[in-house]
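The values are calculated or read from the model by the stated rules, or taken from the named source; none is laboratory data. Computed from a predicted model, the values in this text were never measured in an experiment. Quick reminder, even Gly has a Cβ in these numbers, built from the backbone with ideal geometry, and neighbours come from all protein chains shown.
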Amino acid sequence: MSKVALIVGASRGIGRQIALTLSQAGYTVAIAAKSTSNAASTHPFPPDPNSPHSTISTVAREITELGGTAIPIQVDVRDVDQISHMVSETVRVAGRLDVLVYNSGAIWWSSVAGTPTKRFQLMQRVNPEGLYASVQAALPVFERNGWKGRIVVVSPPIYSRFFRGKTAYAVGKVGMSVLTRGLAMDFVRQGHDDMAITSVWPAASIESAATEKTMAEDPARKADLRKATIFADAVLGILNAPAQTVNGMLALDEDFLREHCGVTDFSGYAVVPGSNPRRIMPKELPVLEVAEQDDEGMRMDSTKMRAKI
């Protein structure tokens, strides 16, 4: 039986490409997002992968026509009950769950003064809260699997420059990376050696609906874009790596492919042939670990404290 990957936020762009890449690697893919359509009547087909015409329905058709198996599941990640249904439906139809990829995201890049509270709240609900609810729904499934599984999160390394000009957005995305680091520690502490959670982020801008808007204003900047295939290849590389190698890692797609997959030529990923897309991430990132005290003190567990009340 093939492994099963649930990709949340798979209707277009990076999520769509992750679904296609994992399917071609032999995974059964459950593709989840809000948008659906009548894929049979979509013309031309396949649609622009970065347009609203690309939905979980058209992505499922693409995968099926390429010989793969796809399970489209409509979900609004702001609704915890819908997220629970998404996970249970994946297991019901596919019979198992091996991989959870969380790619759903709401974006608003502006100053704090330029970000209304409602926009801030939307980003938190879709970004860290949607991820947290998805993880909560998936962990019992991984437990039934004997604690064997992988979680991949689309969130960045933690460093100060990421906050600049998009603080409200960064609050949630960095929070997602904090979840990656913290859950990875849980896995280690609890002896779940076959579990891993990894965050991954692009080192250079990826062609997507968001970047298309920028390119429309300045077409020359298209030379700074890479195809979504680089990101999907990095996700596949993460899934193929030993759990203990990638657990808690905050990776960059290019760097992971170079350091762990032996990729040395990235020219084929450029949207404009012959271009050298500008790297948007620092070459070196801060190390988050600190020297630990011999005695960290008493660790509190609220679940145990509540049980005593």
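Looking at region 159-181, can you tell me whether even one residue there is among the hydroxyl-bearing types (Ser, Thr, Tyr) and not in a helix (DSSP H, G or I)? So far as region 159-181 goes, yes, one or more of its residues are among the hydroxyl-bearing types (Ser, Thr, Tyr) and not in a helix (DSSP H, G or I).
Scanning region 13-24 for residues that are touching a strand residue (DSSP E or B) at 6+ places or on another chain (Cβ under 8 Å) and either farther than 15 Å from Leu66 by Cα or of a type in the set (Val, Ile, Thr) (or both) yields Gly13, Ile14, Gly15, Ile18. Based on what the data block shows, is Ser2 touching a Ser or Thr at 6+ places or on another chain (Cβ under 9 Å), modelled with pLDDT of 95 or more and not aliphatic (A, V, I, L, M)? In short, no.
In region 271-294, the residues that are in contact (Cβ under 8 Å) with a residue 40 or more places away in the chain and surrounded by 10 or more Cβ atoms within 10 Å (Cβ to Cβ) form Cβ pairs under 7 Å with partners that are acidic (Asp, Glu) and part of a loop (DSSP other than H, G, I, E, B), at six or more places apart or across chains, as follows: Val271/Glu207. Kindly evaluate Gly68 against the criterion of being in a loop (DSSP other than H, G, I, E, B) and at positive phi. Here the answer is no, as Gly68 does not meet what is asked. Report, ordered by the first and then the second residue, all pairs with beta carbons closer than 6 Å, sequence separation of six or more or different chains, a first member in region 136-161 that is in contact (Cβ under 8 Å) with a residue 24 or more places away in the chain and closer than 17 Å to Gly248 by Cα, and a second member that is part of a helix (DSSP H, G or I) and of a type outside the set (A, V, I, L, M). Close Cβ pairs (under 6 Å, with a partner that is part of a helix (DSSP H, G or I) and of a type outside the set (A, V, I, L, M)) amount to Gly149/Phe142; Val153/Thr180; Ser155/Lys173; Ser155/Ser177; Pro156/Phe162; Pro156/Lys173; Ile158/Ser177. Tallying residues that are surrounded by fewer than 24 Cβ atoms within 10 Å (Cβ to Cβ), among the polar types (S, T, N, Q) and in a loop (DSSP other than H, G, I, E, B) within region 1-58 yields 8.
Residues satisfying the criterion are absent from region 234-257 (criterion: over 28 Å from Gly175 (Cβ atoms) and either modelled with pLDDT under 95 or of a type in the set (S, T, N, Q) (or both)). Just one of (1) farther than 24 Å from Arg299 by Cβ; (2) surrounded by 22 or more Cβ atoms within 10 Å (Cβ to Cβ); (3) touching a strand residue (DSSP E or B) at 6+ places or on another chain (Cβ under 6 Å); (4) not basic (Lys, Arg) fails for Pro202. It is (3). Taken over region 71-80, the criterion of being part of a loop (DSSP other than H, G, I, E, B) and among the β-branched types (Val, Ile, Thr) is satisfied by Val75, Val77.
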